[in-house]
Amino acid sequence: MKKKNIGIDVKAPKEKCEDENCPFHGSLKIRTVSLVGTIVTSKMQKSATIEMPRKRYIPKYERFEKKRTKMTAHNPPCIKAKEGDVVRFMECRPISKTKNYVIVEILDKTHITSKEDMYEGIENKKTEEKVQEK
Ligand SMILES: [Zn+2]
């Protein structure tokens, strides 16, 4: 199968695969939501569990609580992300009951300078709104 441009600026994987649900070699289309997380489990076939640390604002104490979000994502055979890898994954159509995301790129581990930087976009908006409500 031919490698195709998936519409975002990522390094296309060197290997090829025959997976129908691969954004590069199959027919899977990706959506605009892009997230970065660390893989905690990759033992399933073509699936990986990704963990993202995030912060939640508690108005009473005016401090942030550390929380973690776990998500499952499709792990295409041509990318083959392993445990501990920092990956970029993007939203796609539901592939199975829990998989709505697909891994598109393995990032450098230095990509995340501090864990607090992760999950910024969505969380910051929420917390800002809460602060203004006060
Ligand atoms: Zn592929």
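What follows is calculated from the coordinates using simple rules that are stated; it is not laboratory data. As the structure is a prediction and not an experimental result, all values here were calculated from the model. Every residue, glycine among them, receives a Cβ derived from its backbone with ideal geometry; neighbour counts consider all protein chains shown.
Of all residues in region 27-55, those being exposed (fewer than 13 other Cβ atoms within 10 Å of the Cβ) and over 16 Å from the mean Cα position of the chain (by Cα) number 4. Inspection of region 10-20 finds a residue satisfying the criterion of being under 15 Å from the mean Cα position of the chain (by Cα) and under 10 Å from residue 104 (Cα atoms). In this entry, residue 27 passes the filter for residues that are over 13 Å from residue 88 (Cβ atoms), without any contact (Cβ under 8 Å) to a residue 24 or more places away in the chain and within 16 Å of the ligand (Cβ to nearest atom). Restricting the search to region 56-93, which residues are small (Gly, Ala, Ser) and loosely packed, with under 14 Cβ neighbours inside 10 Å? The answer is 84, and nothing else.
Here is a yes/no grid of residues against (1) within 16 Å of the ligand (Cβ to nearest atom); (2) within 25 Å of residue 5 (Cα to Cα):
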| position | (1), (2) |
| --- | --- |
| 44 | no, no |
| 48 | yes, yes |
| 58 | no, no |
| 71 | no, no |
| 78 | yes, yes |
| 84 | no, no |
| 94 | no, yes |
